[in-house]
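One structure below.
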Amino acid sequence: MIRADSSSPLPDHQRIVITGIGLTAPNGNSLREFRDSLLSGRSGVVPYEIRYVGKTLAGLCTFDERRYQSRKDLRRGTRAGSVGIYAAQEAVADAGLDWPNVDPASVGVYLGVTEHGNVETENEIYELKGYDYDTSFWSHHHNPRTVANNPAGEVALNMGITGPHYTIGAACAAGNAGLVQGAQMLRLGDCDVALAGGVSESVRTFGIFASFKSQGALAEHDDPARASRPFDVERNGIVVAEGGCVFVLERLDDARRRGAQVYGELAGYAINTDATDFVLPNPQRQAECVRLALRRAGLVPEQIDIVSTHATGTSSGDTQECVALRSVFGDSGKTFFNNTKSFIGHCMGAAGALELAGNLLAFRDGVCHATINVDTLDPECDVPGLVLNQPRELERVSYVLNNSFGMLGINSVVIIKRI
Amino acid sequence: MTPAEIREEVLDILGDIAPDDDLSALDDDVAFRDQLELDSMDFLDIVMELRKRYRVQIPEEDYSHLASMASTVSYLEPLMRDMQKI
């Protein structure tokens, strides 16, 4: 039941709420499972081997692909499509929508992706090598599998959705960007139900692993569960992971009308650009992005209870984000910080959406999940309020702020309010 | 390859392309489309698999010969009779 709330300056028709969540993460195939893993310290990182790169580590999902797809669907489509379909179907079921009676033209699908098409292209070239690069053996499935809208399009095909569908390419800020896009389209009246979030199939492309390795940014550790260790002084890079998270977004008045459950309201958001480097982060711009989201939400930093950090476990990236966080939040002691990648690795296009989802149940259980694998905190990452290794019970959680940054200097921040 | 072996090969390819269909009751004289969930991309898969497995090149104007199992085997028989089943 949604209580009346007069604190927002927006009319209910412009207020966007989350009414359903579907996800698959390396340590959980539902929000409940995922949350339990985050509170109990359960990692989803496992040994992994991929073409050319060889033995490495990854966060792998174990959702039941056949729950919503036939064997033929799986053969025809992509892993990102399957991840998206599972998450979208689960989200709609969770939202309690009377799906057969929802106008399919009123639903929009907006999925963030870090990249798409690398997996399929690498596979085709690998196959083609066996035919001495004779392109008459190149698959006619290549184009429909690699078009940038593929994951969102597969969701629409699977669910009979005839409203708009597309992906939002935003590097590793894509999960937040998908959510923002969905909210904007609801406010514009472009759709009445938005299925928004992010997906990733990146563990199936050797190029992602090889590129991070060449960059000196691919994590290594004897114990897979301890390989992803943002903020630890011994951190040595990223654990690549797959996953997906789709939110059902609705306007508050629509949600009220049908008596929907509400996980939270989008209180504010911001997306900006460093414009300084291809890969190196810019803490000044990150801080500007956080401040812009706060200003749009009408909040001061001390009102944020939990900040879900982006930190990936790289030497420079974690430090720079902490510079940004200290500059915004200082040492008020009222805000707590955690990191989800320490459990599941970096889910790329899904990261922002999954990391937000994993924190939303804090509105109900009042707990800030931890950042695990921090044996020795890097002094440069010592942000006051960092929740290390064990979850922390808070009195009441009213606001969660979610950071998600990506290459080419894209920064995104989303603030969700308890309602 | 004998017509029976060619049929077996096409059936194997169909098993990959239409994994949800029951092929045990396939009627050789009825069009694939009328008894299986096949679309144009699936027919291209049949063409591609024959190309990959046996280097058989089927020009586009001959695709209509792949309508049913009987017509497919009849069309492929002269092209594959000197080949060994892989």
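The values are calculated or read from the model by the stated rules, or taken from the named source; none is laboratory data. Everything quoted here is computed from the prediction, not taken from an experiment. Please note: Cβ atoms are built from the backbone with ideal geometry, for glycine as well, and neighbour counts cover all protein chains shown. In case anyone asks, the SASA skips ligands and DNA or RNA and just uses the protein heavy atoms, side chains included. Shrake-Rupley method; radii C 1.70, N 1.55, O 1.52, S 1.80 Å.
Please compute, for peptide A:70-76, the average count of beta-carbon atoms on other protein chains lying within 10 Å of each residue's beta-carbon.
Values: counts 5, 5, 9, 2, 1, 7, 5.
So the per-residue partner count for this stretch is 5.
Please list, in order along region A:57-62, the HN-Hα scalar couplings obtained from phi with the Karplus expression 6.51 cos²θ - 1.76 cosθ + 1.60 (θ = phi - 60°), rounded to whole Hz, x for Gly and Pro.
Those phi angles translate into 10, 7, x, 10, 9, 10 Hz.
Under 17 Å from a point placed 7 Å out from the Cα of A:Leu408 along the Cα-to-Cβ direction: which residues of region A:75-111 have their backbone N that close?
Residues passing the 17 Å test: A:111.
When the solvent-accessible surface of protein heavy atoms is calculated with a 1.4 angstrom probe, in what order do B:Leu26, A:Leu292, A:Leu354 fall, highest first?
A:Leu292, B:Leu26, A:Leu354
Full-extension gain between A:Ser315 and A:Asp253, please, as 0.36 nm times their residue separation minus the C-alpha to C-alpha distance. Numbers along the way, then the final one.
On the way: separation 62, 0.36 × 62 = 22.32 nm, distance 4.53 nm.
Stretched fully, the A:Ser315-A:Asp253 segment lengthens by 17.8 nm.
Taking R0 as 35 Å, what's the FRET efficiency between B:Asp82 and A:Thr146 from their Cβ-Cβ distance, rounded to 0.05?
Values: r = 38 Å, r/R0 = 1.08.
About 0.40, to the nearest 0.05.
When the chain is fully extended, how far beyond the present Cα-Cα distance does A:Gln284 get from A:Gln14, taking 0.36 nm per residue of separation? Let's see the in-between values first.
Numbers: separation 270, 0.36 × 270 = 97.20 nm, distance 3.08 nm.
Result for the pair: 94.1 nm of gain on full extension.
Ignoring ligands and nucleic acids, what accessible area does A:Glu122 show with a 1.4 Å probe (Å², nearest 10)?
Surface accessible to solvent at A:Glu122 totals approximately 30 Å².
Please state the shape class of region A:311-382: rounded when a/c is under 1.5, otherwise prolate if a/b exceeds b/c and oblate if not, all from the C-alpha gyration tensor.
Working: a/c = 1.64, a/b = 1.15, b/c = 1.43.
Note, shape of region A:311-382 comes out oblate.
According to the square roots a ≥ b ≥ c of the eigenvalues of the Cα gyration tensor, what is the shape class of the protein assembly as shown, taking rounded for a/c under 1.5, prolate for a/b larger than b/c otherwise, and oblate for the remainder? Let's see the in-between values first.
Values: a/c = 2.61, a/b = 1.73, b/c = 1.51.
Verdict is prolate for the protein assembly as shown.
Could you compute the FRET efficiency for A:Thr376 and A:Asp64, with r as their C-beta to C-beta distance and R0 at 35 Å, rounded to 0.05?
0.35
Would you mind checking the radius of gyration and Dmax of region A:80-134 based on alpha-carbon positions, in Å?
Considering region A:80-134 through its Cα atoms, Rg and Dmax are 17.8, 53 Å.
Assuming R0 = 22 Å, what is the FRET efficiency of B:Glu8 and B:Ala67, from their Cβ-Cβ distance, to the nearest 0.05?
Details: r = 19 Å, r/R0 = 0.86.
Computed FRET efficiency for B:Glu8 and B:Ala67 comes out at 0.70.
Can you tell me the order of A:241-254, A:88-101, A:359-372 when each peptide is scored by its average per-residue count of other Cβ atoms within 10 angstrom, highest first? Could you put the intermediate results ahead of the total?
Details: A:241-254: 28.5, A:88-101: 18.1, A:359-372: 21.8.
Top of the packing list down: A:241-254, A:359-372, A:88-101.
Can you give the angle from 0 to 90° between the axis of helix B:69-80 and the longest principal axis of chain B, with both taken from C-alpha atoms, to the nearest 10?
Roughly 20 degrees, rounded to the nearest 10.
Using the crude model of +1 on Lys and Arg Cβ and -1 on Asp and Glu Cβ, and no other charge, please compute the dipole size for region A:17-257 relative to its Cα centre, in debye to 20.
Working: 23 positive and 30 negative charges, 40 e Å.
Roughly 200 debye for region A:17-257.
At 1.4 Å probe size, put A:Lys55, A:Lys213 in order of accessible surface, largest to smallest.
Values: A:Lys55 165, A:Lys213 110 Å².
Ranked from most to least accessible, the order is A:Lys55, A:Lys213.
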